[in-house]
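What follows draws every value from the coordinates through simple rules; no lab data is involved. Everything quoted here is computed from the prediction, not taken from an experiment. Counting neighbours? That spans all protein chains shown, and the Cβs are built from the backbone with ideal geometry, glycine included.
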Amino acid sequence: MDCLIFKWRDELIQVNSDDIVYFQADGNYSIMLLASRKEQLLTMNLSKVQLTLEEQLGSQSALFERVGREFIIRKAFIFSIQTLKQKLILAVPNSEKFFELQVSKEALKKLKVGQEIKPIVWFDRFRNLILHCITNNYLS
């Protein structure tokens, strides 16, 4: 559980990163949407939000992904990628909360490819572990 802090001249917002579903661009501002469905306007653009995630979360910022020009989403909440309908549906685990986003086909295709690579990477790591165990006679 990492806490993010967004601060400006006259405002400070502290939020648990696990509660963030997505960020949406709104001109020079961004809207942060939480699992509780609360919306919070941030007085920074999406690029600055992305930089803040990287600075404060470090390697954990990989839990979030930029999707096109308009969104940064929490990858673990991806429920459905519908390229032809230009829809991305996010679901909060262990709840009945779904969030439907309109996203360009190009951004969804890129996101989908990134999601499809994961099982291959996992399989390669598993295969390498098994080969290592066999080579070193750990499995006998």
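Numbers at a glance
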{"item": "Using θ = phi - 60° and Karplus 6.51 cos²θ - 1.76 cosθ + 1.60, couplings along region 18-34 (whole Hz; Gly, Pro as x)", "result": "5, 8, 7, 8, 6, 10, 10, 5, 8, x, 7, 10, 9, 10, 9, 10, 9"}
{"item": "Simple spin-label estimate for residue 3 and residue 76 in nanometres, 7 Å along Cα-Cβ", "result": "1.9"}
{"item": "Label-point separation in nm, residue 102 to residue 11, each point 7 Å along Cα→Cβ", "result": "2.5"}
{"item": "Gain upon complete extension [residue 18, residue 109; 0.36 nm per residue less C-alpha separation]", "result": "30.2 nm"}
{"item": "Förster radius 25 Å - calculated FRET efficiency between residue 43 and residue 85, Cβ distance, rounded to 0.05", "result": "0.15"}
{"item": "Order of 85, 38 - criterion: other Cβ atoms within 10 Å of each residue's Cβ, fewest first", "result": "38, 85"}
{"item": "Where N is the number of residues in region 17-96, Cα Rg divided by 2.2 N^0.38 Å", "result": "1.06"}
{"item": "Kirkwood estimate for region 1-57, i.e. one over the average of 1/r between Cα atoms, Å", "result": "11.4"}
{"item": "Straight-distance crosslink candidates among lysines, where the alpha carbon sits under 24 Å from residue 75 and sequence neighbours closer than 8 are dropped", "result": "38, 48, 85, 87, 97, 105, 109, 110, 112, 118"}
